[in-house]
Amino acid sequence: MKKLIISLAAALLSLPTMADEGMWLLPLLKGQRFQQMQELGLKLQHYDIYNPDSSSLKDAVVIFGGGCTGEIVSPDGLLLTNHHCGYGCIQRHSSLEHDYLTDGFWAMSREEELPNPGMTVTFIDKIDDVTDYVKGELAKDTDPNSMNFLSPKYLNELAKAKVGENFLQDNPGTEVEIKAFYGGNQYFMFTKKIYKDLRLVGAPPSSIGKFGADTDNWMWPRHTGDFSVFRVYADKNGNPAPYSKDNVPLRPKRWFKISLKGVQENDFAMMMGFPGRTNKYYTSWEVAERRDIDNTIRINIRDIRQKAMLEEMLKDPSVRIQYSSKYAGSTNAYKNSIGSNWAIKKRNFEQVKKEEQDKLIAWGEKNCDGSYKDALVTIEQIISDRKDLRTRSWLLDEAIIRGIEFVNVPTKTEKVIEALKGNDKEARKEQLRLLERAYHGFANSNYSAEVDKKIAKVLLKEYRNQVNPHVQPEYFQIIDKKFKGDIDRFVDYLFEKSIYGSDDNFDKFLAHPSVKALENDPMILFANSVRKEEAALKESLQSFNDGYALAHRTYVKGLLAMYKDQANFPDANFTLRLTYGQVKGYSPSDCNYFGHQTTLDGVMEKEDPTNWEFVVPKRLKELYNANDFGRYKLQNGKMPVAFSATTHSTGGNSGSPVLNDCGELIGINFDRNWEGVGGDIQYLPDYQRSIIVDIRYVLFIMDKYAGAGYLLKEMEIVE
Ligand code: ARG
Ligand code: GLU
């Protein structure tokens, strides 16, 4: 009997949360997962990783900018993240004379490190469970439909009230934030310290940092050295301060030791970072909605857009440069959606979620609690009721708002018009100058009207095919009335007539500015009409979204109650999490097997000097041919590049430190395989892999390739 109970308990425990699944909250880790981590090989104690009363490994993990993770690797504030996370900074410092994107950049002394105004690095000083406090405050709210329980504004007011004004005044650079977890069933407060002086220390050339570019993006086996190096600066007291040449390198509480020991298949590995968003608690109807509306529309529309863009890029090398970043941004989410739909189908996520729902309904009934069933009925109804609106909203967003660039021409012309009507010559000059600046901000060096025109033609045709004419933006009536439905002519007309249609048009307008030209500008009218439709859709969808959020909270509450004997992790919400698992390869399909470690051999195999995505820099080839890998090579003499692990990561985990059983840095996370992106809905143990650049490749590039070996002196390297 005892045995039976034990094995039943074990079966239960392993049911909803699979072995390496989970993005765990650090304060809950000890009770939830620590034992399993140790069983898998972790040699640390829980307080080594997270200690509310003193410094621990978590203090070396930071939010890099607005959507990536970074880690501190020296007592002088040296920071590692991905090349694609530092890309914007590297790009801003680049010019034709100093093309750091192409050639890479290495500061050879602290004086040469480059400031990046506007960038931030955020440390998480403290994490507190404030559920009782927040629920107490929410209970004072008399409106049963109040959405305060999820409102960032409301929650952050509560956070400020909790710590008090004085605390924030006494601690410069400190902010507090309360975030909702489990759909609003639990709340944690994060005390954050935000540093604003961040300097670029080094970056490999894109031919290393972005090797394989879009073709290899979301793919394993991978051969990208996706890393860049920064340093955090503080004022003389170690406090956050805006850039100043008097600032000094930050003396951090913690930094990671770096291991050269490397990885073997099945080794324990863990990652800390800031995963952005997952949907583990989807119902079956939301899975279908995601598949049939969100993903399908995105795939279909971007397919059309990217084909048109690529055609132009292949025709003209200058267009290729102009549009490479836009193309990459477009394909990134596109490939992700393809992988997501593949996994939804392959693993029948709809059925998986349905079984969970049915189980909860039965469990609720057994406990005389019908609220979960009610919540599920509500969700099903909402998903069905919002179908048309959501479809329209996704089509408008993908085909027009994100798809067509000229929707973003400057439309706020009221002040210009006012100045043109008035007699104040100076005001008029000033307003026209501002408009000119806004125009050039839109039609910048990465904009091609020809490409935009071509894309607009194909996308508007698709949009008009898919959306009922009665619910298209109002201005579209012109297409039928004036152009007899001829979209090509309509688009040509917009570019011909609009002041924004070309630099010529704009210059002509500046030479003879008129109120009429602005008020009747067809591109402005078009853009405003699209925005109006966007706002209307958003408003119509809001009531559904609110109703959904309330029901979702009840559903998640039910699952937590039903599975209360086991560890449950909340969906990702860009808060600090830990995921652990093993270094492992995988089998993508019958008879195929991918190993866990790639090497420089693979870089050479992929080399293609005629394709910018696969150019290998000369110096790297020299090192390869000379087998000059120093202490960074594998036992078999090869040079490691990347490895894969079963850790449960998502967007936002880019740049995350990957640590071994001793908590030493072994790699930097930068991607996932496309077969694994379904893990945002349901973890896929046999398919899902984090893609991680091996720290030995990072050091090899810094030391041997770039000759910036002096940086290694400030790190703690464990051989
Ligand atoms: N797929 C990775 C992540 O979302 C890397 C993206 C950057 N690289 C690229 N080729 N677009 O987001
Ligand atoms: N590249 C992603 C990022 O920028 C991480 C890949 C993933 O989604 O797992 O955050």
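The values are calculated or read from the model by the stated rules, or taken from the named source; none is laboratory data. Predicted model only: the values in this text are computed from it and were never measured. Counting neighbours? That spans all protein chains shown, and the Cβs are built from the backbone with ideal geometry, glycine included. When the accessible area is computed, the model is the full protein with side chains, heavy atoms only, and any ligands, DNA or RNA have been set aside. Shrake-Rupley method; radii C 1.70, N 1.55, O 1.52, S 1.80 Å.
Given 96, 78, which one is away from ligand 1 (no atom under 16 Å from the Cβ), under 24 Å from the mean Cα position of the chain (by Cα) and not small (Gly, Ala, Ser)?
Selected residue: 78, the only one of 96, 78 that is away from ligand 1 (no atom under 16 Å from the Cβ), under 24 Å from the mean Cα position of the chain (by Cα) and not small (Gly, Ala, Ser).
Please list, ordered by first then second residue, the pairs with beta carbon atoms under 7 Å, 6 or more apart or interchain, first in region 329-347 and closer than 17 Å to residue 283 by Cβ and open to solvent by 50 Å² or more (accessible area, probe 1.4 Å), second more than 8 Å from ligand 1 (Cβ to nearest atom) and not charged (D, E, K, R).
Qualifying pairs under 7 Å: 347/678; 347/682; 347/684.
What pairs can you find where one residue is in region 650-672 and more than 10 Å from ligand 1 (Cβ to nearest atom) and open to solvent by less than 10 Å² (accessible area, probe 1.4 Å), the other is of a type in the set (Phe, Trp, Tyr) and not in a strand (DSSP E or B), and their Cβ atoms are less than 7 Å apart, with a gap of 6+ or different chains?
657/256; 665/256; 668/227
Which condition number in (1) open to solvent by 30 Å² or more (accessible area, probe 1.4 Å); (2) of a type outside the set (Ser, Thr, Tyr); (3) within 18 Å of the chain's Cα centre (by Cα); (4) under 24 Å from residue 104 (Cα atoms) is the one that residue 621 fails?
Going through the list (1) open to solvent by 30 Å² or more (accessible area, probe 1.4 Å); (2) of a type outside the set (Ser, Thr, Tyr); (3) within 18 Å of the chain's Cα centre (by Cα); (4) under 24 Å from residue 104 (Cα atoms), residue 621 breaks only (3).
Scan region 176-199 residue by residue and report those that are over 21 Å from the mean Cα position of the chain (by Cα) and of a type in the set (A, V, I, L, M).
Of everything in region 176-199, those that are over 21 Å from the mean Cα position of the chain (by Cα) and of a type in the set (A, V, I, L, M) turn out to be 176, 189.
Out of everything in region 219-252 that is of a type in the set (Ser, Thr, Tyr) and in a loop (DSSP other than H, G, I, E, B), what residue ends up being least open to solvent (accessible area, probe 1.4 Å)?
Looking at residues that are of a type in the set (Ser, Thr, Tyr) and in a loop (DSSP other than H, G, I, E, B), I get 224.
Take residue 377 and tell me if it is out of contact with any strand residue (DSSP E or B) (no Cβ under 9 Å at 6 or more places or on another chain) and without any contact (Cβ under 8 Å) to a residue 40 or more places away in the chain.
yes
Residues of region 412-460 being among the small types (Gly, Ala, Ser) and in contact (Cβ under 8 Å) with a residue 60 or more places away in the chain, which ones?
443, 445, 448
Can you pull out every residue in region 320-337 that is of a type in the set (A, V, I, L, M, F, W, C) and either in contact with a Phe, Trp or Tyr (Cβ under 8 Å, 6 or more places away or on another chain) or near ligand 1 (Cβ under 9 Å from one of its atoms) (or both)?
Passing the criteria: 328, 333.
When both residues are 6+ apart or on different chains and their Cβ atoms are under 7 Å apart, which pairs have a first residue that lies in region 394-407 and is under 14 Å from residue 464 (Cα atoms), and a second that is outside any helix (DSSP H, G or I)?
Listed by first residue and then by second, the contacts come to 395/467.
How about region 490-581: which helices (runs of 4 or more DSSP H) wholly inside it have at least 2 residues that are under 30 Å from residue 188 (Cβ atoms), open to solvent by less than 40 Å² (accessible area, probe 1.4 Å) and modelled with pLDDT of 95 or more?
The helices (runs of 4 or more DSSP H) meeting that bar are 522-562.
Is it the case that region 259-277 has a residue that's closer than 30 Å to residue 373 by Cβ, in a loop (DSSP other than H, G, I, E, B) and either open to solvent by 10 Å² or more (accessible area, probe 1.4 Å) or without any contact (Cβ under 8 Å) to a residue 40 or more places away in the chain (or both)?
Yes, because at least one residue in region 259-277 is closer than 30 Å to residue 373 by Cβ, in a loop (DSSP other than H, G, I, E, B) and either open to solvent by 10 Å² or more (accessible area, probe 1.4 Å) or without any contact (Cβ under 8 Å) to a residue 40 or more places away in the chain (or both).
Residues are listed down the side, and each one gets a yes or a no for (1) surrounded by 15 or more Cβ atoms within 10 Å (Cβ to Cβ); (2) more than 17 Å from the chain's Cα centre (by Cα):
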| site | (1), (2) |
| --- | --- |
| 40 | yes, yes |
| 45 | no, yes |
| 84 | yes, no |
| 89 | yes, no |
| 92 | yes, yes |
| 100 | yes, yes |
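So, in region 673-686, exactly how many residues are in contact with a Phe, Trp or Tyr (Cβ under 8 Å, 6 or more places away or on another chain) and more than 16 Å from ligand 1 (Cβ to nearest atom)?
3
Does region 297-304 contain at least one residue that is in contact with a Gly (Cβ under 7 Å, 6 or more places away or on another chain) and buried (at least 18 other Cβ atoms within 10 Å of the Cβ)?
So far as region 297-304 goes, yes, one or more of its residues are in contact with a Gly (Cβ under 7 Å, 6 or more places away or on another chain) and buried (at least 18 other Cβ atoms within 10 Å of the Cβ).
Run residue 193 past the list (1) free of Cβ contacts under 8 Å to residues at least 40 places away in the same chain; (2) open to solvent by 30 Å² or more (accessible area, probe 1.4 Å); (3) more than 25 Å from residue 379 (Cβ to Cβ) and report the number of the one that doesn't hold.
Answer for residue 193: the failing condition is (1).
Which residues, taken from region 601-620, are among the aromatic types (Phe, Trp, Tyr) and at pLDDT 95 or above?
Within region 601-620, just 614 meets the criteria.
Output the number of residues of region 624-669 satisfying the condition of being in a loop (DSSP other than H, G, I, E, B), more than 16 Å from ligand 2 (Cβ to nearest atom) and either closer than 30 Å to residue 49 by Cβ or under 27 Å from the mean Cα position of the chain (by Cα) (or both).
7
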